[in-house]
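Colleague: Could you have a look at this structure, given as structure tokens, before my questions?
The values are calculated or read from the model by the stated rules, or taken from the named source; none is laboratory data. None of the values given here were measured: they were computed from a predicted structure. Cβ coordinates were reconstructed from backbone atoms using ideal geometry, including for glycine residues, and neighbour counts include every protein chain displayed.
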Amino acid sequence: MATPDKDALRSFLMSDSVWELDAQDNTLVRTFVFRTYKEGVTFANKVTEIAEEQNHHPQIIIDWGSVTIKTTTHDEGNTITDKDVQIAQAIDAL
């Protein structure tokens, strides 16, 4: 899987300002806020369905009232690839 070119990644991040680049961990990160713990878990379960469909599995951190998604491509040396951008876009569509 090819690493997205810097302009494509920059364009994605600028067009969808809710995802952030964590340069230290080399991940795309977004935190979703929910009114209840159960809503967050329900959302996380939907993310797992997308992850299985795409065979790309982000880190999912469930907390009371929020779910944080972190994605990087481990088999490409923990770098951001097109897979990460695609899963972020799919999660945004939920």
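Colleague: Would you check which residues across the stretch 56-69 are of a type outside the set (F, W, Y), part of a loop (DSSP other than H, G, I, E, B) and more than 10 Å from D84 (Cβ to Cβ) and list them? Give the derivation first.
Modeller: Start the filter on the stretch 56-69 by keeping residues that are of a type outside the set (F, W, Y), which leaves 56-63, 65-69.
With the extra rule that they be part of a loop (DSSP other than H, G, I, E, B), the set shrinks to 56-58, 65.
Scanning the stretch 56-69 gives H57, G65.
Colleague: While we're on this one: Being buried (at least 17 other Cβ atoms within 10 Å of the Cβ) and part of a loop (DSSP other than H, G, I, E, B) is the filter; apply it to the stretch 70-94 and report the residue that is modelled with the highest pLDDT.
Modeller: T72
Colleague: Same structure again: Suppose we filter V47, V67, V41, V29 for residues that are modelled with pLDDT of 95 or more and touching a Lys or Arg at 6+ places or on another chain (Cβ under 8 Å); which single one remains?
Modeller: On the way: V47 fails: touching a Lys or Arg at 6+ places or on another chain (Cβ under 8 Å); V67 fails: touching a Lys or Arg at 6+ places or on another chain (Cβ under 8 Å); V41 fails: touching a Lys or Arg at 6+ places or on another chain (Cβ under 8 Å).
So the residue among V47, V67, V41, V29 that is modelled with pLDDT of 95 or more and touching a Lys or Arg at 6+ places or on another chain (Cβ under 8 Å) is V29.
Colleague: On to the next question. Taking only the stretch 24-55 into account, find how many residues are among the charged types (D, E, K, R), in a strand (DSSP E or B) and exposed (fewer than 14 other Cβ atoms within 10 Å of the Cβ).
Modeller: Initial filter on the stretch 24-55 (among the charged types (D, E, K, R)): 25, 30, 35, 38-39, 46, 49, 52-53.
After this cut, where a residue has to be in a strand (DSSP E or B) as well, the list is 30.
In the following step, the residues that additionally are exposed (fewer than 14 other Cβ atoms within 10 Å of the Cβ) were identified as none.
Counting residues in the stretch 24-55 that are among the charged types (D, E, K, R), in a strand (DSSP E or B) and exposed (fewer than 14 other Cβ atoms within 10 Å of the Cβ) gives 0.
Colleague: Select, from I87, I80, I50, I62, the only residue that is in contact (Cβ under 8 Å) with a residue 60 or more places away in the chain, touching a helix residue (DSSP H, G or I) at 6+ places or on another chain (Cβ under 7 Å) and not acidic (D, E). Quick ask: steps written out before the conclusion?
Modeller: On the way: I87 fails: in contact (Cβ under 8 Å) with a residue 60 or more places away in the chain; I50 fails: in contact (Cβ under 8 Å) with a residue 60 or more places away in the chain; I62 fails: in contact (Cβ under 8 Å) with a residue 60 or more places away in the chain.
After ruling out the rest, the residue left standing is I80.
Colleague: I'd like the residue in the stretch 1-19 that is touching a Ser or Thr at 6+ places or on another chain (Cβ under 9 Å) and exposed (fewer than 15 other Cβ atoms within 10 Å of the Cβ) and, out of all such residues, is modelled with the lowest pLDDT.
Modeller: For the stretch 1-19, the residue satisfying everything is M1.
Colleague: Exactly one condition in (1) more than 13 Å from the chain's Cα centre (by Cα); (2) under 19 Å from E76 (Cβ atoms); (3) surrounded by 13 or more Cβ atoms within 10 Å (Cβ to Cβ) is false for P58; which is it?
Modeller: With (1) more than 13 Å from the chain's Cα centre (by Cα); (2) under 19 Å from E76 (Cβ atoms); (3) surrounded by 13 or more Cβ atoms within 10 Å (Cβ to Cβ) applied to P58, the lone miss is (1).
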